[in-house]
1. List the residue pairs whose Cβ atoms are under 8 Å apart, where the first residue sits in the stretch 168-195 and is more than 18 Å from Pro158 (Cβ to Cβ), the second is hydrophobic (A, V, I, L, M, F, W, C) and in a helix (DSSP H, G or I), and the two are 6 or more positions apart or on different chains.
2. At least 2 residues that are closer than 22 Å to Asn48 by Cα, at pLDDT below 75 and over 23 Å from the mean Cα position of the chain (by Cα) in each: list the strands (runs of 3 or more DSSP E) lying fully within the stretch 92-180 that qualify.
3. I'd like to verify a number: residues in the stretch 68-77 that are out of contact with any strand residue (DSSP E or B) (no Cβ under 6 Å at 6 or more places or on another chain) and not charged (D, E, K, R), how many?
4. Identify all residues within the stretch 13-50 that are part of a loop (DSSP other than H, G, I, E, B), surrounded by fewer than 18 Cβ atoms within 10 Å (Cβ to Cβ) and small (Gly, Ala, Ser); write none if there are none.
5. Which of the residues spanning the stretch 60-87 are within 20 Å of Leu314 (Cα to Cα), among the charged types (D, E, K, R) and not in a loop (DSSP other than H, G, I, E, B)?
6. Which residues, counting only those in the stretch 181-201, are out of contact with any Lys or Arg (no Cβ under 9 Å at 6 or more places or on another chain), surrounded by 14 or more Cβ atoms within 10 Å (Cβ to Cβ) and not in a helix (DSSP H, G or I)?
7. Cβ-Cβ below 7 Å, separation at least six or inter-chain, first residue in the stretch 1-15 and without any contact (Cβ under 8 Å) to a residue 40 or more places away in the chain, second surrounded by 14 or more Cβ atoms within 10 Å (Cβ to Cβ): which pairs?
8. Between residues in the stretch 56-80 that are at negative phi and modelled with pLDDT of 85 or more and residues that are among the basic types (Lys, Arg) and not in a loop (DSSP other than H, G, I, E, B), which pairs lie under 8 Å by C-beta distance while being six or more apart or on different chains?
Amino acid sequence: MKSESIQLVKSVFEKPLSYFKLGTAQVHENMTIIPIIVQDEKFIEFINIKEAEELELVEIVETDSVNQLEVINKSDKQVLIPFGMTVHGGKQDRTIWEPILLPVGGKQNVFKDKYEEMNQKSNIPNQKYSIPAKCIEQSRWNYTGKRGFKSTNQRLHPNVAFESISSAGQGAVWGEIQAHRSEMKYAAGVAPTQSYLDMTKNSEKETDKIIKNFENINNQCGVAVFINGELIGIEFYANPNAWKTMSKDILKAFSIEALRFKDQPKKNEISDFHDVFLKILKKLSLEYTSRDGVGLGNVVEFTSKDNKWRGITLVHEEHLVQFYLVSKRGGYQAESHQEIQFQTNIAQRYTI
């Protein structure tokens, strides 16, 4: 199944128009988006975690480990926790660094350690899932409010997302957040705990102005984004409703890149964005790895051989539940990511 998942992801790069269609390019100043329309047979039913939270059907809680959280699914639907989602609360803000599709509540027992004996005695279906997290608030480790977490409207922008994909360590994520602070020239009093969420709130008025110039189209499931004539990222889902409910947050994250480079000249004058986009996809030389997802499906990661592009997707029943690919522009450049030892051990999440 893992090899089949990789082959499905490869097909997106080799024959992209066999998987999705492209809408008319929309342009505003230095940012251009191409709407992505995934074909109907590629759809899959799920709700995203924000919808589930509003209905009080999921709960995210702290654990003893900084790089793990726990989520409880009480819903009768599959729930998606997308890669790049940020959560606020607990002892520090975190980001979820892989896409997770939770099964219908209580239908699958994934978290099998200290809760297993208790559940056997009580016959209560286990609904707890251990989910991987990385810190996006370096200088706090205490409760300032409720001990639980809530998802936020702030997604990781491409440079931080690039460093958050699991091949990178925690030090690289912190380094990119600090680089972003320097680039955007945030005042010294902004984000005293080095919270990424507090920093990016200072750009919200500008990002809101940018995204008002883009419109969702019928059956849209995602976007390809160009900044200053360069393709910087792709994100799409196997469900148009999921895209609709998250699209503003996603576009705001991409628009941070537009702000970063608003004073830079365009590198390319493009007459046909569709043609350029498809040619770039087909030319990328990528290396792939696959592993079991926390809940349903397989997580596939892909990195270009020149390490300029990183991506991650979740494949479930031949559907790309979430697909994310970005390139990095400037920002944090570490000689070694080993200076801060904080790398999630994937094996910790599973009991075999």
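The values are calculated or read from the model by the stated rules, or taken from the named source; none is laboratory data. As the structure is a computational prediction, the values presented were derived from the model and not from experiment. Because the Cβ atoms are built from the backbone with ideal geometry, glycine has one as well, and the counts that use them run over all protein chains shown.
1. Within 8 Å, the pairs are Tyr186/Met199; Val190/Met199; Ala191/Met199; Gln194/Trp174; Gln194/Ile177.
2. Details: elements: 94-96, 100-102, 128-135, 148-151.
Per the criteria, no element qualifies.
3. We begin by selecting, within the stretch 68-77, every residue out of contact with any strand residue (DSSP E or B) (no Cβ under 6 Å at 6 or more places or on another chain); these are 74-76.
Applying the additional criterion that residues be not charged (D, E, K, R) yields 75.
Of the residues in the stretch 68-77, 1 are out of contact with any strand residue (DSSP E or B) (no Cβ under 6 Å at 6 or more places or on another chain) and not charged (D, E, K, R).
4. Ala25, the sole residue that qualifies.
5. Once the filter is applied, which keeps residues that are within 20 Å of Leu314 (Cα to Cα), among the charged types (D, E, K, R) and not in a loop (DSSP other than H, G, I, E, B), the stretch 60-87 yields only Glu70.
6. Tyr186
7. Ser11/Tyr19
8. Every condition considered, the pairs that remain are Ile60/Lys150; Asn67/Lys134; Gln68/Arg349; Leu69/Arg94; Glu70/Lys128; Val71/Lys128; Ile72/Lys128.
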